[in-house]
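The values are calculated or read from the model by the stated rules, or taken from the named source; none is laboratory data. This structure is a prediction, so every number in the text was calculated from the model and none was measured. So basically every Cβ, Gly included, is an ideal-geometry build from the backbone, and we count neighbours across all protein chains shown. Surface areas here come from the heavy atoms of the whole protein model, side chains and all, with no ligands, DNA or RNA. Shrake-Rupley method; radii C 1.70, N 1.55, O 1.52, S 1.80 Å.
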Amino acid sequence: MDKDEAQFSELFQPLRRVTPRTSLLSETLLAVPTKQSVAGKRESHFLYVEFAQFALLSGFLIALVLLSPMSRGASMVDEIYAMEIEAEEINQNIDNGQLLAEMDSLEFDVNN
Amino acid sequence: MESFERLVSLARSGNKEAFGQLYTGYFTPIYRFLYWRSRHKETAEDLTQTVFLKAYQSLPSFESTGTPFLSWLYTIARNLYLDHAKKKRSVLPDEPETFWENLPGVLPSTEEASLGRENKEILARALSGLSDDQRELVILRFIEDRSYEEIAKITGKNEEALRALNYRAMKLLREKLKHLFTDNG
């Protein structure tokens, strides 16, 4: 603080003597919400979040069930069997070099 | 007596007693700041209460490592006052005539008190002749004794700009005080 500022600071000293009435302090403290009501607010906030999470998860599971082949009438054993056959066919194609030939043919189609 | 950090931590977890201790220490400067900003006792009381209720609700987000606690409270007080002034569309007290009669902290009847009151009135009149920005700065700098660094944090203004604003405010105050003191005798 320079000399000028120090002079003003001293000059304004009488205005620092302003004080609030003593009862205002206790009145404000009475108006402060209790711990329980603050905790209650937090709990209700968490309830909303949990409900949203639950709804999202339920929706995801329902969509998964509706889109699965089993819901279209296929049994789980049939699905696994079909996947095994498909995997075997791919293996055979790799062994026979058929897959490479198919890729070459695809590349030729793309280039022309 | 609990440490400041412990009090903040307890108050954050909803301990009303800890908040009460924090509150007692900072109540007067916040009230004084709002009193000189609004120049209205009831407005200052209402806004002070709101500052502390807001602070209590926002305590979980207060980071003691950054802004000092008092500066944080001044910022809340400042924003509340600006909102209030915007709503009222005027920063003048409701009844300016009674403002001078209701200046708190004045001792009656003695000659010294009368002189003190007179000076207080003159200073308050000079203060009310400044622009809103200048008045806010003068209150924080000369009545609340805050550094430029703190005022910059409270107001969100640049320190250099604040120094320039204060220079202009002091120049204006000098002229106004000279005029007011001459008029009073």
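Details
- Pairs, first on the phi < 0 side of the Ramachandran plot and facing chain A (nearest Cβ under 7 Å) in the range B:45-56, second among the aliphatic types (A, V, I, L, M) and buried (at least 22 other Cβ atoms within 10 Å of the Cβ), C-beta under 7 Å, six or more apart: B:48/B:30; B:48/B:34
Yes or no, residue by residue, for (1) modelled with pLDDT of 70 or more; (2) open to solvent by less than 50 Å² (accessible area, probe 1.4 Å):
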| position | (1), (2) |
| --- | --- |
| B:81 | yes, yes |
| B:92 | no, no |
| B:99 | no, yes |
| B:114 | no, no |
| B:128 | yes, yes |
| B:139 | yes, yes |
| B:142 | yes, yes |
| B:159 | yes, no |
| B:168 | yes, no |
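- Some residue of the range B:6-26 being more than 9 Å from every other protein chain (Cβ to nearest Cβ), open to solvent by 20 Å² or more (accessible area, probe 1.4 Å) and not in a helix (DSSP H, G or I): no
- Any hit, the range B:124-135, residues being among the charged types (D, E, K, R), part of a helix (DSSP H, G or I) and farther than 26 Å from residue B:86 by Cβ: no
- Residue count for the range A:21-59, restricted to those that are facing chain B (nearest Cβ under 7 Å) and modelled with pLDDT of 85 or more: 0
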